[in-house]
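In what follows, a structure is listed as structure tokens, so that the remarks can point back to it.
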Amino acid sequence: MPTVHLLDYVAGNVRSLVNAINKVGYEVEWVRSPSDLQNAEKLILPGVGHFGHCLSQLSNGDYLEPLRQYITSGKPFMGICVGLQALFEGSEEDANVPGLGLIPVRMQKFNAKTKSVPHIGWNSATNTRVNLSRGQSFYGLNPNSKYYYVHSYAARYEPETLERDGWLVAVASYGEEKFIGAVARDNIFATQFHPEKSGQAGLRTIHAFLNGDKFHTLTPEDLARTEEKDGLTRRIIACLDVRTNDAGDLVVTKGDQYDVREKNGPDAGGQVRNLGKPVDMAKKYYEQGADEVTFLNITSFRNCPVADLPMLEILRRTSETVFVPLTIGGGIRDTVDTDGTHIPALDVATMYFKSGADKVSIGSEAVMAAEEFYEAGETLSGKTAIETISKAYGNQAVVVSVDPKRVYVSRPEDTGHHTIKTKYPNGVGQTFCWYQCTIKGGREPRDIDVCQLAKAAEAMGAGEILLNCIDKDGSNSGFDLELINHVKAAIAIPVIASSGAGLPKHFEEVFERTTTDAALGAGMFHRGEYTVGDVKNHLDSKGFLVRQFEPDV
Ligand code: 1PR
């Protein structure tokens, strides 16, 4: 197999990149020291997390000068995400740390007053047509494809500035801001998006780079695109609750209000519902067009050494065939291993990232950390799982999963918590409620409300909130729109609406009537009532922008 060198200078999920490279027929050789760069014939520089952290890591490892020399040697170079940002002059994220300075532009933070930041999801990379022959594009990029982005800082696009210096440029828009999605010049190619997480469209891009296929001619259908199709799509996530059943097998299950035992049929009252095998189901949803797949480990695998956790193997296998972001939740906390060793949450998360996860989702531990945050007068300890993991991997890698349930009151004054006036009074006519957070899979209610938790999570460095709702879970009656708007109003980081989806029109409803950033479904997909594709077709027919699955060609 032909090879490509990979410079993995910070811990991150490079497994997906390696899998993507293998998938298009190449093998990875690791750059282990600066001198290895001399032997490289093709080089990829991936990047996650903070700009300053990445650049300092490169600098501390004495990679900067050899990297410059490699790039000027004319051999193929590809930068991904922060690997693109490194080519620029610098970033507002870490003002004192210089970039490589090949492009005289600085990264700026997206405006969080007008939209959610980080920018997470599938967006365009449309070439600006400058420096290209008519009807051409570069490195496999297609103006009709969508690519997976996750970042808070970007290079604003100023028409023709980079192009004047000979760069080919592809752009994307987020709200009112237009930014650089990809650049290429001579031997250099770099993408702000993650091609290894961008399905077939991304694999095509990696393949084009590795094969040296710089230019390609677009088909008439590709050219017949309309600009309304540009921009961020509505993100649809398939969620798999995984646990061991009574026979000891790992299965995907699904409950009603978090109760996963059969209520009807021969197994009524006892058996854990078995809806299928996690790896196979993840692949099925990928092929249906899911924009992300989330695994929630809803049992702690007791008496199992941490390094052998069954979810690690599930991730390893899934990331070989599923090229969209993977999130893993359940048990991300400081842990004591079976031999008594203390394992910090950061190390647990690292195992998951190394096995193919892109994000970790933290539930119970986030509630405990938020309680401590308020007890300490809203000060950060620096020691929580959210803080340590987001510091090492960037806040986009940390999701906080919230499991709230409604608590009705007669008047807002009856509680110290954030209340809403609801259109759905309870049995005794109370029209106010607050959303109480729970831990341990809904079993233990705590004295903290959903807005308090979301705000604390944001302050600690979470990049996204997975907003479940125990009252709605498994009900097929639609999302709790009141809850979603309540939380969206409290924070700037993206929210994933979860619990209650039963029909494609529930997704339409949640995007129409809330400002949610993504929506998640579980039971309706697992029971085979609807596919992810059905949901997307429905949204498309209602004028929402969605990404359609691109089959392998
Ligand atoms: O507390 O950090 O160990 O994380 C445990 C994780 O497991 C949490 O994210 C928690 O939400 C989840 N969890 C724990 N117990 C259950 C259970 O069902 N017994 N599942 C559970 C949560 C809820 C959703 C579900 C949606 C959509 N699953 O993710 O997928 O409600 O369902 P629907 O579309 O069928 O209505 P920690």
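The values are calculated or read from the model by the stated rules, or taken from the named source; none is laboratory data. Keep in mind that this is a model prediction, so the values were computed, not measured. Cβ atoms come from the backbone with ideal geometry, glycine included; neighbour counts cover every protein chain shown. The area values use the complete protein model at the heavy-atom level, side chains included, leaving out ligands, DNA and RNA. Shrake-Rupley method; radii C 1.70, N 1.55, O 1.52, S 1.80 Å.
Quick one: with all protein chains in place, what share of the accessible area of the range 101-253 is carbon or sulfur, to the nearest percent (1.4 Å probe)?
Here it works out to 45 percent.
Taking the Cα centre of each part, how many Å lie between the range 73-102 and the range 446-463?
Each part reduced to its Cα centre gives a spacing of 33 Å.
Report for the chain the percent antiparallel among DSSP-assigned beta bridges with both residues inside it, nearest 5.
Counting only bridges with both partners in the chain, antiparallel ones make up about 50 percent.
Is the shape of the range 89-143 best called rounded, prolate or oblate, per the rule: a/c under 1.5 gives rounded, else a/b larger than b/c gives prolate, else oblate, with a ≥ b ≥ c the square roots of the Cα gyration tensor eigenvalues?
Oblate.
How big is D, in µm² s⁻¹, for the range 235-541 by Stokes-Einstein at 20 °C and 1.002 mPa s if Rh is the Kirkwood radius over C-alpha pairs?
109
List the relative contact order of the range 235-541 as a percent without decimals, with contacts defined as Cα pairs under 8 Å and 6+ residues apart.
Averaging sequence separation for qualifying contacts and normalising by length gives 16 percent for the range 235-541.
What is the range 1-127's relative contact order, in percent, from Cα pairs under 8 angstrom and six or more apart in sequence?
About 20 percent, as a whole number.
Cα centroids of the range 204-246 and the range 345-372: how far apart, whole angstrom?
Between the Cα centre of the range 204-246 and that of the range 345-372, the gap is 28 Å.
Restricting to the range 315-401, compute how many DSSP beta bridges are antiparallel as a %, nearest 5.
Percentage antiparallel, nearest 5: 25.
Excluding Gly442 itself, what net charge comes from residues whose Cβ is under 13 Å from its Cβ, given Lys and Arg +1 and Asp and Glu -1?
Residues close to Gly442 contribute a combined charge of -1.
Quick check on the range 328-431: take the gyration tensor over C-alpha atoms, sort the square-rooted eigenvalues as a ≥ b ≥ c, and tell me if it's rounded (a/c under 1.5), prolate or oblate.
prolate
For the range 3-229, give the share of DSSP beta bridges that are antiparallel, in percent and rounded to the nearest 5; count only bridges with both residues there.
About 60 percent, rounded to the nearest 5.
Which residues' amide hydrogens lie under 5 Å from the amide hydrogen of Leu240, considering only partners 5 or more residues apart or on another chain, with H built in the peptide plane?
Amide H neighbours of Leu240: Thr294, Phe295, Leu296.
How many times 2.2 N^0.38 Å is the alpha carbon radius of gyration of the chain?
This ratio for the chain stands at 0.96.
Return a whole-number percent for the relative contact order of the chain, with Cα pairs under 8 Å and 6 or more residues apart as the contact set.
That works out to 12 percent.
If each DSSP helix of 4+ residues adds -39,500 (n - 2.57) and the sum is divided by the residues in the chain, what number results at 222 nm, nearest 500 deg cm²/dmol?
Counting only the DSSP helices, I get -7500 deg cm²/dmol.
My understanding is that a pair violates if its Cα-Cα distance is over 25 Å; which of Lys109/Lys505; Lys23/Lys277; Lys284/Lys455; Lys109/Lys488; Lys254/Lys505; Lys359/Lys440 do that in this structure?
Details: Lys109/Lys505 35 Å; Lys23/Lys277 23 Å; Lys284/Lys455 35 Å; Lys109/Lys488 20 Å; Lys254/Lys505 21 Å; Lys359/Lys440 20 Å.
From the list (Lys109/Lys505; Lys23/Lys277; Lys284/Lys455; Lys109/Lys488; Lys254/Lys505; Lys359/Lys440), the Cα-Cα distance tops 25 Å for Lys109/Lys505; Lys284/Lys455.
Using only Cα atoms, locate the centre of the range 122-198 and the centre of the range 479-511, then give the distance between them in Å, rounded to an integer.
Taking the Cα centre of the range 479-511 as reference, the centre of the range 122-198 is 31 Å away.
Using the alpha-carbon atoms, what tilt in degrees (0 to 90, nearest 10) does helix 364-375 show relative to the longest principal axis of the chain?
Compared with the principal axis, the helix lies near 80 degrees.
So which GluC sites (Glu not before Pro) in the range 341-383 are both in a DSSP loop and have at most 13 other Cβ atoms within 10 Å of their Cβ?
Numbers: sites: Glu365, Glu371, Glu372, Glu375, Glu378; in loops: Glu378.
Passing sites in the range 341-383 are Glu378.
Can you give the accessible area per residue of the range 3-229, in Å², using a 1.4 Å probe?
The answer is 39 Å² per residue.
Please report the projected area of the range 42-117's Cα convex hull averaged over all directions, in nm². It would help to have the intermediate numbers written out before the result.
On the way: hull surface 21.6 nm².
Spelled out: convex hull of the Cα atoms, projected over all directions, averaged, 5.4 nm².
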